[in-house]
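Accompanying notes for the structure given below.
The values are calculated or read from the model by the stated rules, or taken from the named source; none is laboratory data. These numbers come from a predicted model, not from an experiment. Neighbour counts run over all protein chains shown; Cβ positions are idealised from the backbone, glycine included.
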Amino acid sequence: MQLDIRTTNAKVNMSQPPADFEIERKQPKLIMQTDRLQIRIDQKECFNESGLMSPEALSNHLAQLGKRGVMDGIARRVSEGERLASVENGGNALAAIAKGNSYPTYQISMVTMPRSRPKIDFVGGELDIRVEEGYININFRPNSPQAEYQPGRVDIQVRQYPQITIRNVENTIDAKV
């Protein structure tokens, strides 16, 4: 007997589909608010010392000068009255007082540069920083693997069957296998 055997191998095809992702996110925020820095420079005192006075400062200065002049005048007259009253010291007190008052003395002062510094103040310049947090949400769903199986085959066919031929030829047996 002759057999014809044909085989087909089994096949397994496997695949893995990618997982499904869903990503939801919110960006974080940085919020900055600033107040501008302001510089305030007060030069009133410097100007007053240089003679460039404001009307208010000028009136106060003149009031002080007037008060000092009145007080000096009162003090001078008291001194002159005491000098006139003290006759026992002798001399001509009236002539001496007249001579002293006829040549007045003045004190002149001139200021070109201020002696004090300007007042400098810083206002504002505040910084406000706020952070709003963000987030990330990840939804992950894995997919199942996919497998496909093809079974193998074995085909067997008989190409030639066994055969025995017996012939009778004149009383002899011829056997052929």
Criterion violated by residue 158 - all others in (1) surrounded by 10 or more Cβ atoms within 10 Å (Cβ to Cβ); (2) among the β-branched types (Val, Ile, Thr); (3) closer than 30 Å to residue 38 by Cβ satisfied
(3)
Regarding residue 126, is this residue modelled with pLDDT of 90 or more and among the acidic types (Asp, Glu)?
no
I'd like to verify a number: residues in region 106-143 that are out of contact with any strand residue (DSSP E or B) (no Cβ under 9 Å at 6 or more places or on another chain) and in contact (Cβ under 8 Å) with a residue 60 or more places away in the chain, how many?
7
Cβ pairs under 6 Å, 6+ apart or interchain, first in region 17-34 and surrounded by 10 or more Cβ atoms within 10 Å (Cβ to Cβ), second part of a strand (DSSP E or B) and among the β-branched types (Val, Ile, Thr), ordered by first then second residue, are 25/136
Just name the residue that is nearest to the chain's Cα centre (by Cα) out of those in region 106-127 that are exposed (fewer than 10 other Cβ atoms within 10 Å of the Cβ) and assigned to a strand (DSSP E or B).
127
Kindly indicate the residue of region 78-110 that is farther than 24 Å from residue 65 by Cα and of a type in the set (Asp, Glu) and also modelled with the lowest pLDDT among those meeting that condition.
88
Restricting region 128-146 to residues that are assigned to a strand (DSSP E or B) and surrounded by 10 or more Cβ atoms within 10 Å (Cβ to Cβ), the one farthest from the chain's Cα centre (by Cα) turns out to be 146
